[in-house]
Structure formats: structure tokens, C-alpha cells
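Below: the structure, in C-alpha cells.
The values are calculated or read from the model by the stated rules, or taken from the named source; none is laboratory data. All figures in this text were calculated on a predicted structure; none of them were measured in a lab. Cβ placement follows ideal geometry from the backbone for every residue including glycine, while neighbour counts extend to all protein chains displayed. Surface areas here come from the heavy atoms of the whole protein model, side chains and all, with no ligands, DNA or RNA. Shrake-Rupley method; radii C 1.70, N 1.55, O 1.52, S 1.80 Å.
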Amino acid sequence: MVKKIALEEHFLCPEFIDYWNPTVAGMPAAKRENLLNRNTDFGEMRLASMDAAGISRAVLGLAGPGVQQESDVATAIRNAKSGNDFLAKEIQKRPDRYSGFAHLPMQDAKAAANELERCVKDLKFCGAMINGHTLGQYLDHPSLEPFWERANALNTLIYIHPTDPVSAAPVLEGHPGLRRATWEWTFETGSHALRLIFAGVFDRFPKARVGLGHMGETLPYLLWRFDSRTGPEFYDVGLKKPVSHYIKTNIEITTSGMCSAEPLNCAIAALGADRIMFGADYPFEKAEEAGHWLDTEKIDEAVRTDIAYKNAERLLGLKA
């Protein structure tokens with residue numbers, strides 16, 4: 001069993017449960033209760049799952065949507081800070097096992113930038129996790145330029161986690177099984193990352209770094225087509241470099257929720273093994289399953305250790 005650093009691992013603190021409850025309203029009561037217990041646990045259950053998967057360190061991020069569904073800006077700013085302070089205290093109890101992603105009030109670009117800097121510099125978090133759009137506003141919105149300027153200066157990872165789209169995609173109407181994690185979140189989150197590229201965010205802020213889970217939300221499969229259809233011959237989008245350049249340069253991905261050789265091999269071929277990190281997506285996925293998969297997948301041993309923990313050490317400044 002290779003040791004691992006796991007990203008996209010979730011938690012909840014008491015004042016955020018009401019934000020989270022609507023996301024699991026359709027689940028059976030026993031499933032909701034189990035997820036709540038595991039999200040709010042920082043002790044035996046979580047550590048036992050980590051140990052069974054070979055996870056030496058988990059980077060914890062708030063289970064969404066959090067303050068990104070908060071309509072009052074002052075409340076969002078106050079609650080985000082409180083949630084980050086809560087996480088920092090839990091990390092202090094087990095600094096050998098836990099690290100953190102900041103939760104940010106994206107309703108206010110300056111406040112979000114200041115909280116990101118506080119979390120990175122003072123709380124020693126290794127980046128931020130943003131749960132998709134904030135009340136329908138995506139991260140490419142012009143009002144968020146001050147945030148990206150700060151993220152660029154800090155050279156820290158901004159991890160985009162899936163959330164429900166602003167409005168349900170009509171193409172999925174009548175097929176509830178395609179909603180959310182099955183398919184809807186994939187094209188929602190991949191499209192969100194593409195908005196940043198097409199808006200020129202990475203041209204203006206070349207050190208900005210975005211994280212995507214689920215083996216890159218299908219983007220590694222589509223590099224050639226993105227480039228083919230955005231050149232002068234078809235549609236000139238005004239970027240300094242091909243779309244694939246930004247995916248290969250400014251985006252880092254994790255294996256969260258994707259325990260399969262095919263997407264892994266594609267991601268390695270498209271992006272390089274040095275931009276892929278391990279993730280389990282606990283407690284929404286089984287950490288033990290993700291750990292066993294990476295331990296037994298037929299890949300070069302150097303690639304395995306890079307994905308398991310070395311890339312996270314190098315890219316996020318962590319210690320396995």
C-alpha cells in the first residue's frame with residue numbers, strides 16, 4: 001500500500017448544516033444521517049477510513065454549497081471566516097493528518113481575496129475550494145478580477161467543486177438518473193473551468209491555478225477539439241495561446257470519484273502524470289475503494305507515487 005495525500009475530502013461544521021441539507025433532501029434518511037455523521041467527524045470514523053485507504057493526510061474542504069448560497073453578503077463573509085476558523089482548530093488537533101482548503105465569500109471579491117490570503121498565510125491552508133457558481137455568478141465574472149489578482153500573487157490552488165447548475169439542463173428532463181453526480185455536475189463544472197479560459201483569466205493572471213476533480217471533468221479527452229474549433233479558421237476567441245495550453249498549464253486535477261484505468265490513462269497522456277493528484281471524495285465516495293484502486297492499478301510505480309502523494313507535496317507544499 002502506497003501512502004497517499006487525498007484532496008476533495010469533505011467536512012461540515014454546525015452552522016453550515018442548514019446550507020448543506022437541501023443537497024441531500026432526496027436521499028433516504030439513513031443515507032443522509034450517515035453522511036452527516038461522517039462529514040462532522042474528525043476522529044475515529046474518518047481516520048479509520050483514511051488508514052484503510054493508506055491516506056496519510058487529507059485536505060479538508062467544506063461540503064457545499066456553504067455561503068455560496070447565502071444572499072446576504074455580510075453574513076456570507078462572517079460565516080466563511082467562522083467556518084475557516086473552525087477547520088483550523090480541528091487541524092490543530094491532528095496537524096499530522098489534516099490540512100485545509102479555505103471557504104470563501106465570493107459575493108465580495110475583495111473580501112474573498114482577503115480571506116484567501118488570511119487562510120493561506122495565517123491558517124496555513126493550501127488553497128481554497130469553491131463550490132461552483134455563487135448565486136448564479138461564475139468565477140469569470142469581471143467583478144472578481146481583484147480575487148484572481150490575489151490568487152495569482154499567492155500562487156495558490158483554487159479548486160472548483162461541482163454544484164447544481166443555475167437551472168436544470170433541459171436535455172436531461174425526464175431522466176433524473178442523469179442529474180447531479182451521474183452527468184450533470186460533470187458538464188457544469190467542466191464548463192465553468194472553460195469559462196475561465198475563454199474569458200482570458202489565465203492570460204491576465206498566468207500564475208492562477210485551478211483544481212478540478214473527477215479526473216478533470218472530461219476536459220483531458222477534448223484538447224484537440226478545443227484547439228481545432230477555436231482557431232482563426234472557425235472562431236477566434238482572442239486568446240494568446242491555444243485552449244489546450246491553459247488546461248495543461250493552469251489546471252491541476254485529482255482522481256476523486258474516478259476509480260478507473262481509462263480516464264486515468266487519458267489524463268496522464270493529455271496532461272502528464274505530474275499534474276494529477278489523488279482524491280477520494282470522502283464521505284460521498286468510499287476512501288477504501290479509491291485507495292485500493294490506486295494501489296492495484298497497472299501503472300508505473302514512479303507514476304503511482306507521484307499521483308499518490310509526491311505531486312501534492314510539490315504542488316501544494318504538503319507533507320505526506
May I ask you to compute the full-extension gain from R204 to A169, defined as 0.36 nm times their residue separation minus their alpha-carbon distance, rounded to one decimal in nm?
-> 9.5 nm
Counting Lys and Arg as +1 and Asp and Glu as -1 over every other residue whose Cβ sits under 13 Å from the Cβ of I268, the net charge comes to -1
Tally Lys and Arg at +1 and Asp and Glu at -1 over the other residues with C-beta under 12 Å from the C-beta of F205: what net charge comes out?
-> 0
For the stretch 164-285, shape from the Cα gyration tensor axes a ≥ b ≥ c, cut at a/c of 1.5 then a/b versus b/c, turns out oblate
Enter the accessible area per residue of the stretch 169-320 (Å², integer; probe 1.4 Å; all protein chains in place).
-> 47 Å²
Determine the relative contact order of the chain: mean sequence separation of Cα pairs under 8 Å and six or more apart, normalised by residue count, in whole percent.
-> 21 percent
S191 versus K124, label points 7 Å from Cα toward the beta carbon: distance in nm?
-> 4.1 nm
How high is the FRET efficiency from E117 to E262, r the C-beta distance, R0 41 Å, rounded to 0.05?
-> 0.55
Just the number, please: carbon plus sulfur as a percent of the accessible area of the stretch 152-281, 1.4 Å probe, no ligands or DNA/RNA counted.
-> 57 percent
Sequence-distant lysines (8 or more away, or on other chains) whose Cα lies within less than 19 Å of K240 | K207, K248
Between the alpha-carbon centers of the stretch 5-58 and the stretch 141-207, tell me the distance in whole angstrom.
-> 23 Å
Pull out the extension gain between V24 and E313, defined as 0.36 nm times the separation in residues minus the alpha carbon to alpha carbon distance; nm, one decimal.
-> 100.7 nm
Cα→Cβ-extended label distance, 7 Å offset, between K298 and S71, nm = 5.6 nm
